[in-house]
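Encoded as structure tokens, the structure appears first; notes follow it.
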Amino acid sequence: HTDPRIWPYLDDFIVINKWWYDKVYNATTPHSDGKLHLIKPGVDLSTFTFKLDRQRGYSIGMVTGNIWEAKGGFEAIRIFQEVVHKYPDKPWELYIRGQHIPPEWHTYAYNQLIDGSGLADRIHIVPQISIPEMVAFYQRMDYILVTSHKEAFSYATAEGMATGAKPIINNFFGSEDIWPEQYRFKSIHGAVEMIGEGEFLPEEYRAYIE
């Protein structure tokens, strides 16, 4: 995308976050001749509706399509282990909405980590579900944990926040241009504290997405 030889063949080049816009803009000469556009993503708020009776609870959701390294699933389980260890008197549950993909060792590695955690009865892999079911999923979650190492936007974050779930977002590159600092963590310790001790403000999360 930064090779200037491709630009004569393009009518438009669209990116969906400021971090990548700046990278492409600064790498092209003469700045893509007006062909480069930033279009920010959004969420259909009539579909992902706010849960009116939200109160702080103990359900943590991680949402992805395929479960692979860039999504940080292992980190999500480690964070969950630390949450349970630090706040042992609460009925914490972790729901990972995703599916395993090749190579097969991914499945074995996740099973090994979950079985060895002593929390297998509290960690759930949720199969692919429809959009209405996803809305209900988000509304059941109190927290949306985003452990991704890279995202262009993170629809899981926006969809969950639209329903009032609290975002717990890894400080991935470019995240500072999208998500406020108070929603981002820079260490496992930070994520654990955000879940167990931070403010819980459902109306604020919805308002940010609006």
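The values are calculated or read from the model by the stated rules, or taken from the named source; none is laboratory data. Please read all numbers here as calculations on a predicted model, not as lab measurements. Methodologically, a virtual Cβ is constructed for each residue, glycine included, from the backbone with ideal geometry; neighbour enumeration extends over all protein chains shown. With ligands, DNA and RNA removed, areas are computed over all heavy atoms of the protein, side chains included. Shrake-Rupley method; radii C 1.70, N 1.55, O 1.52, S 1.80 Å.
Computed on the chain, with alpha-carbon pairs under 8 angstrom and 6+ residues apart, the relative contact order is 24 percent. Each semi-axis of the equivalent ellipsoid for segment 78-177 is √(5λ) with λ an eigenvalue of the Cα gyration tensor; in descending order they amount to 22, 18, 16 Å.
Highest-first packing order for the peptide set 192-198, 94-100 is 94-100, 192-198, based on the mean count of other beta carbon atoms within 10 Å. Restricting segment 29-76 to trypsin sites (Lys or Arg not before Pro) that sit in a DSSP loop and have at most 16 other Cβ atoms within 10 Å of their own Cβ leaves Lys35, Arg56. Applying the criteria of a DSSP loop state and at most 16 other Cβ atoms within 10 Å to the GluC sites (Glu not before Pro) of segment 70-112 yields Glu104. Against the empirical curve 2.2 N^0.38 Å, the C-alpha radius of gyration of segment 45-122 lands at a ratio of 1.26.
The helix-based estimate of mean residue ellipticity at 222 nm for the chain, built from -39,500 (n - 2.57) per DSSP H run of four or more residues and divided by its residue count, is -10000 deg cm²/dmol to the nearest 500. Charged side chains reduced to their Cβ positions (Lys and Arg at +1, Asp and Glu at -1) give segment 79-158 a dipole of some 140 debye around its Cα centre. Counting protein heavy atoms only, the chain has 53 percent of its accessible area on carbon and sulfur, 1.4 angstrom probe.
Let me check against my output: what whole-number percent is the relative contact order of segment 56-115, with C-alpha pairs under 8 Å and at least 6 apart? About 49 percent, as a whole number.
Rg of the Cα atoms in segment 118-210, relative to 2.2 N^0.38 Å, amounts to 1.08.
Using only the alpha-carbon atoms of segment 155-199 as identical scatterers, what base-10 log of I(q)/I(0) does the Debye formula give at q = 0.16, 0.19, 0.22 Å⁻¹? Reported log10 I(q)/I(0), two decimals: -0.40, -0.57, -0.75.
Considering all alpha-carbon pairs of segment 11-76, what whole percent are spaced by more than 14 angstrom? More than 14 Å apart: 74 percent of the Cα pairs in segment 11-76.
Around the Cα centre of the chain, unit charges on the Cβ atoms of Lys, Arg, Asp and Glu (plus for the first two, minus for the last two) sum to a dipole of about 80 debye. Label zone (Trp19, point 7 Å along Cα-to-C-beta; backbone nitrogen cut-off 17 Å) within segment 160-184: 168-184. As a ratio to 2.2 N^0.38 Å, the alpha-carbon radius of gyration computed for the chain takes the value 1.12.
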